[in-house]
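Everything on this sheet refers to the single structure shown next.
The values are calculated or read from the model by the stated rules, or taken from the named source; none is laboratory data. Computed from a predicted model, the values in this text were never measured in an experiment. Heads up: the accessible areas ignore ligands, DNA and RNA and are worked out on the full protein's heavy atoms, side chains in. Shrake-Rupley method; radii C 1.70, N 1.55, O 1.52, S 1.80 Å.
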Amino acid sequence: MVAVLVLILGIIIFLVVAILVYIFNTQRKLVNLDELCKNAMSQIAVQLNSRWDALLALAQTAAQYAKHESETLINTIKARRQAPPSTAEEVKQQQGELSQIMGRLMAIGEAYPDLKANDLFAKTMDSVNSYEENVRMSRMVYNDTATKMNRMVRMWPSSFVASMLNFREKDYLTVDEEKKSNYPNLNEAFGK
């Protein structure tokens, strides 16, 4: 009888320890993924900030050619340069604002052909494009990490630990619907 009680007590202790080890390991994985998401969002913020700097330099270069228009853009860039984004919605908002300003700068470049030939303008435009590529890559890293986090938050039994420790799903960064509508229709392009 005592041997059975010791065996049952041993099984209970083993199960409690196993559950505690699982909760501990799951918490560590969730914290790791949460930090990776924050890091990826921070990388996006750094790249967006660098892009704002490059756009400001581009506007300052354009100021030599189109003083009034460029001063307005420079003031707009300085005013819209906000705190780093920390959510997917804030990233989307800043991307939209950056795209609007980039469009206005391109219009100034078209209106002043000498500006487009300016070496500094061309180099700065290349850096803007480079930062845009870095933002795209950072967005991909964030979404991949958010996917892993969301799986752990939603799948059982880790979902139990996630809800118990107050971990939530991360929002994905999505493509702006307006940008999607500007994509070329390949069926029309190839006559299909």
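Using a probe radius of 1.4 angstrom, the carbon and sulfur fraction of the accessible surface of segment 1-60 is 74%.
Each residue of segment 95-105 was assigned a 3J(HN,Hα) from its phi angle through the Karplus expression (A = 6.51, B = -1.76, C = 1.60, θ = phi - 60°), giving 4, x, 5, 4, 5, 4, 5, 4, x, 5, 5 Hz with x at Gly and Pro.
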